[in-house]
Amino acid sequence: MPIWNAEYESMPRQDLAALQLRRLQATVEWVYERVPFYRDALDAAGVRPRDIRSLDDVRRLPMTDKAALRDTYPYGMFAVPLEQVVRVHSSSGTTGKPIVVGYTKGDLNTWSELTARIASAAGVTAADRVQMAFLYGMFTGGWGMHYGIERVGATVFPAGAGNTERQLMMMQDFGTTALVCTPSYALYIAEVAEKAGIDVRSLPLRVGLFGGEPSGEGMREEIEKRLGILATDNYGLSEVMGPGVSGECEHQCGLHMAEDHFLFEVVHPETGEPVAEGEEGELIITTLTKEAFPVLRYRTHDLTVIDTSACACGRTAARMRKVRARTDDMLIIRGVNVFPSQIEDVLFKIEGIQPHYLIVIDRDGAMDDIEVRIEVAEEIFSDVMADMVAFTKSVAERIYAVIGLHAKVRLVEAGTIERTAGKAKRVVDNRRTD
Ligand code: DLL
C-alpha cells in the first residue's frame, strides 16, 4: 500500500535522529524565548537551550503535567500572540476548566499532514467515501481527522457524532467506504443496524479509523466481525495536537508514531526514569514542530511500549503498542491494582456476553466492592435458574483468575448500559469524592 509521505515516514532512523535533534533544539529555544512558564522551569532546572546537544539531553528538560496547562488557563502556554492563532480547541475534561490549545496556520498544515498519514496508513485513498462520525466542535477528533482525509483526496461526509439512524441511512445511500469514530460508537452503530435489520457487511463499508479511547483486540475483532471491515486504531491527545500522533497501518501491529514531529520517551511512571527497551511505561511527548502550543516532555499518563523493529509496510517510524490503560485509571480495590482493560479482556473472550459493560466500585464500611455489570445475549437468559447462576459464577471465576479479586457479576438486559456517540464510560467509582 502506498505511504503518504515516504520521505519522512520511511526515513533512515539515523537521519530521523539528526532531524529530531535539530527540531528539539529549535523548540527549546522557541519556548525559552516566548513562554514564561518554560523559561522559569528551564531556569529552575539550570538548563539553557544551548545545553541540548544530543537527543538524550531531552532528559535534562523538566516534565510538563496537566496541572501546568490548567494553571495557565486559557492562553498562558501559547508561544505566539493570539493574532497568529487561527484555531483553538479544548480537551474533554470531566471536571473543572478544560485545557485550551491553539494552532497557527502552520500548525494546522502540519496537523492535516499527520492525519493524512493516519488515513493513508489505514488504506484510505482519493477513491474512498469517508463518514466522519466524530464530534465536531472543541474536541480535536472531528476537525483534526476531517482535514487530513480531505488532504488525501477522499470524499468526506461530515456527519458528526450521534443520530445513529441517520448515520446508517447515509452509509447505505451514500455508499460510505470508511468510517471514522470512537470504537465504542462503531459497536453501537453495529448494534442499531442489527436491530433495524440492516446488514452492514453487505454494504461498501470496508475500513474503520477508530480512536480517542482505548480498545482491546477483543473489541477490534467484534467490530471487524459485525461491520465486516478492517478496524484500525489511531491515537492522539489535545495537549500535543489531537489525532495524528500515531496510527496503525494495514498490518495492525502497533501504531506508527509521527517521530519527525514528536519526540517520544517511555518512562517509569513513578521515578520518571527511562524504562528498558521493550518495557511498558508512561508515554512522554515533546513536540518538535508546534508553533502556537509547543509542549516539553508532556506526561500523557498513557501506558505503552515502543517497538523500533522494522514493519512489513516499509515505514521506519517506530510503533507504540495499543494504549490499554492510563496510570490514572488504575483502580485500587482492597489494595489490589486493577485496570478496567483487564476485565474487558476477560469479558470479550466469553461467548454470549455483549460488548457493553460497566464496572461499579462501592465502599461498604471499610470494604471495597467491585461489581461488573454485563449485558448478555437473549439466548443466555435461560429458564433454568441454575444455568444462570452457573454462568455468572463462571464469569466471576474468570475475572478472579486475572485480577485476583472476587467481583460481583450482575447480568443485565441487552441495551441497558448507556451507549454514547463519543468516549465510553466504563467505570463508576462511588468511593471518589470529586
Ligand atoms: O481523544 C484525540 C483523538 C481524537 C485521538 C480522535 C484519536 C482520535 P483528548 O480528548 O485530549 O484527545 O484525549 C486524549 O484519550 O491521552 C488517551 O488516554 C485517550 N486516547 C486517545 N486515543 C486513544 C487510542 C483525543 N487510540 C486521551 N487508544 C489520551 C487509547 C486513546 N487511548
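The values are calculated or read from the model by the stated rules, or taken from the named source; none is laboratory data. Note that the coordinates shown come from a computational prediction; the quantities given were computed from them, not determined experimentally. No Cβ is skipped: glycine too gets one built from the backbone with ideal geometry, and neighbour counts run over all protein chains shown.
Values for this structure:
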{"item": "Every pair of residues 6+ apart whose Cβ atoms lie under 8 Å, when the first sits in segment 414-427 and is without any contact (Cβ under 8 Å) to a residue 24 or more places away in the chain and of a type in the set (Ser, Thr, Tyr) while the second is part of a loop (DSSP other than H, G, I, E, B) and within 13 Å of the ligand (Cβ to nearest atom)", "result": "none"}
{"item": "Filter pass, Arg334 being closer than 30 Å to Ile189 by Cα, in contact with a strand residue (DSSP E or B) (Cβ under 7 Å, 6 or more places away or on another chain) and of a type in the set (Lys, Arg)", "result": "no"}
{"item": "Residues satisfying the stated conditions in segment 63-75, i.e. surrounded by fewer than 16 Cβ atoms within 10 Å (Cβ to Cβ) and touching a residue at least 40 places away in the same chain (Cβ under 8 Å)", "result": "Asp65"}
{"item": "Residue that is nearest to the chain's Cα centre (by Cα), among those in segment 215-247 that are within 7 Å of the ligand (Cβ to nearest atom), under 24 Å from Arg70 (Cα atoms) and of a type outside the set (A, V, I, L, M)", "result": "Tyr235"}
{"item": "Any chance Ala186 is under 19 Å from the mean Cα position of the chain (by Cα) and surrounded by 17 or more Cβ atoms within 10 Å (Cβ to Cβ)", "result": "yes"}
{"item": "Qualifying residue in segment 344-356 (condition: under 18 Å from the mean Cα position of the chain (by Cα) and either in the same structural domain as Gly236 (by TED's automatic domain parsing) or in contact (Cβ under 8 Å) with a residue 12 or more places away in the chain (or both))", "result": "yes"}
{"item": "Hey, Asp345 of a type outside the set (Lys, Arg), within 16 Å of the ligand (Cβ to nearest atom) and in a helix (DSSP H, G or I) or not", "result": "yes"}
{"item": "The one condition in (1) free of Cβ contacts under 8 Å to residues at least 24 places away in the same chain; (2) surrounded by fewer than 20 Cβ atoms within 10 Å (Cβ to Cβ) that Gly142 fails to fulfil", "result": "(2)"}
